[in-house]
Protein chains: 2
Amino acid sequence: MSLRSFVPAYYQLAEDLKNKIESGELKPGDVIPSEAQLAAQYGVSRMTVRNGLSLLSKGGYINSFQGKGNFVASPKMDRMYFYFSENNLLGQNKKLDAKLLSVDVLAADDKTASKLQVAVGSKIVRIEQMLSSEDGPVAIDRRFLPYIKGAPLLEKEIEYAAFPESMSRHTELVSAHNGISVQACVLMKEEAKLLSSKVGFPALCIEQIIYSRDRKPLGWSKMICRGDRFVLKAVSEPYSERL
Amino acid sequence: MSLRSFVPAYYQLAEDLKNKIESGELKPGDVIPSEAQLAAQYGVSRMTVRNGLSLLSKGGYINSFQGKGNFVASPKMDRMYFYFSENNLLGQNKKLDAKLLSVDVLAADDKTASKLQVAVGSKIVRIEQMLSSEDGPVAIDRRFLPYIKGAPLLEKEIEYAAFPESMSRHTELVSAHNGISVQACVLMKEEAKLLSSKVGFPALCIEQIIYSRDRKPLGWSKMICRGDRFVLKAVSEPYSERL
DNA sequence: GAGTGGTCTAGACCACACA
DNA sequence: GTGTGGTCTAGACCACTCC
């Protein structure tokens, strides 16, 4: 290639094509010039072209079909992403403050045992905390963990009381993943009191189960959020993975 | 390489390393053998190794640092995603049935104008529909679109009344993206009636704004979902993008 | 058969990190 | 300086699609 600026050639190529896609010059379904053509056009080798195209592919801009060509993809608007950690539950700027309310060791009841896939009556740890923003109380979070003596998870869990945060801190130790369900509910008496709200007011119930790499539940969290102070936001493309 | 099976070499390498990561042999933070070492070890060229590593990188299994090495990544448990379209709002198996209630052309009030970034009083289309599962009514969806005569979006929109579905059908024409917010609310009189429920019962309010590629709002949807029949589920790792 | 993307090689030079 | 990943080349053969 002749005049190389500071950005890699494959990146320039990807940017060029991306711009053509976003400007509408290349529409979804359109075929992209063949890799050989692009290589000639940009004066680079085919591997460099492929490097650029793989960027676009990773970003969801194009799809490749062997023997046919590279085609502009339709944006997947049905797949939504959001972050779920204490730093961004309420948006980028607002931070939540976590206050530990209680830590108990108790026997698992039916529901908890089923969620954690342990025997009914086995020892579990319950951690209760309150999350507040500058506006006041936002949510009550109750976590349940199997009581495993000496498990690093447990000890740190009690020390720093923050569910997804602390869990992800431990993923240095265990590869894990995470499932969330969001439901509408209303505040019960105790929750309303803790959240300085009123019984029957709308709330979000966010349940979270964290699994180990072999799909065993490591923890179960149930968060009750004041409806007026909590909004869950999601977008159809990853926040960071933009080209 | 000597004995090649049916899968590409780079893929085998990626699988090998993935298994080592998932089995715990390689833990998050661990460094992976250098590309040169892997190349020698597997008897392939360095580019082939890099091809395999890029798979792992794309899948979030490893991170690369120039001059340092490739490292096993910690799973990002704070990044959640879910699908939001009528076919999977309630899970994979349940399908929602959409019933068109009304279509009107009216003048934008303050709120709608602001959401759609149009002038107050300008013409907009309002489409109201009810979504039901086999269990009965689930949600009321109200959509607002700028009234643009002859816009393909609008006409099809009225024809097939399904928000994310129909919108994504049109993304063959316009690259677009999508923002959702989820809030707790309670059923108002009219909604309760339509949903065969009662005033004050918990509900989810899901607002969705679809943007064109130049970030102009193309549509605004506000969905009121019966709390007892609607659960939003999200997970921390892609279903499909697995290695 | 001609054209496409998929895989792969055996080198090369560079930018960066670390000692 | 040595080792690492990042970029790039100029070829090659294969599998696939379409004619």
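So here's what we get for this one:
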| read-out | value |
| --- | --- |
| Nm distances between copies for A:Glu190, ranked from closest, using label points 7 Å along Cα→Cβ | 3.9 |
| Set of region A:22-59 residues, backbone N closer than 14 Å to the point 7 Å along the Cα-Cβ line of A:Gln12 | A:39-45, A:48-49, A:52 |
| Residues with amide H under 5 Å from that of A:Arg79, placed H, sequence gap 5 or more | B:Phe84 |
| Shortest-first nm distances, B:Phe6 label point to equivalent points in other copies (7 Å, Cα→Cβ) | 5.0 |
| Cβ neighbours within 10 Å from other chains - mean over A:181-190 | 6 |
| Beta carbon of chain B nearest to the axis of the rotation taking B to A, residue and angstrom distance | B:Tyr81, 2 |
| Rounded to whole Å, sorted largest first: equivalent-ellipsoid semi-axes of region A:37-85, Cα gyration tensor | 28, 14, 8 |
| Percent RCO, i.e. relative contact order, over region B:8-110, from Cα pairs under 8 Å lying at least 6 residues apart | 24 percent |
| For A:Ile62, distant residues with modelled amide H under 5 Å away | A:Ser57, A:Ala73 |
| Per-copy distances of the A:Ser34 label point, shortest first, in nm (7 angstrom along Cα→Cβ) | 4.0 |
| For B:Gly219, residues with placed amide H under 5 Å, excluding near neighbours | B:Ile210 |
| Diffusion constant of region B:10-55 at 37 °C, which comes from Stokes-Einstein with the Kirkwood Cα-pair radius and 0.692 mPa s, µm²/s | 310 µm²/s |
| Qualifying lysines (Cα of each under 25 Å from Cα of A:Lys20; at least 8 residues distant if same chain) | A:Lys58, A:Lys68, A:Lys76, B:Lys58, B:Lys216 |
| ³J(HN,Hα) computed for each position of region A:225-231 - Karplus, 6.51 cos²θ - 1.76 cosθ + 1.60, integer Hz, glycine/proline x | 10, 4, x, 7, 10, 9, 10 |
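None of the figures in this text is laboratory data; all of them are computed from the coordinates on show. This is a predicted model, so every value here is computed, not measured. Positions of Cβ are backbone-derived with ideal geometry, glycine not excepted, and every protein chain shown enters the neighbour counts.
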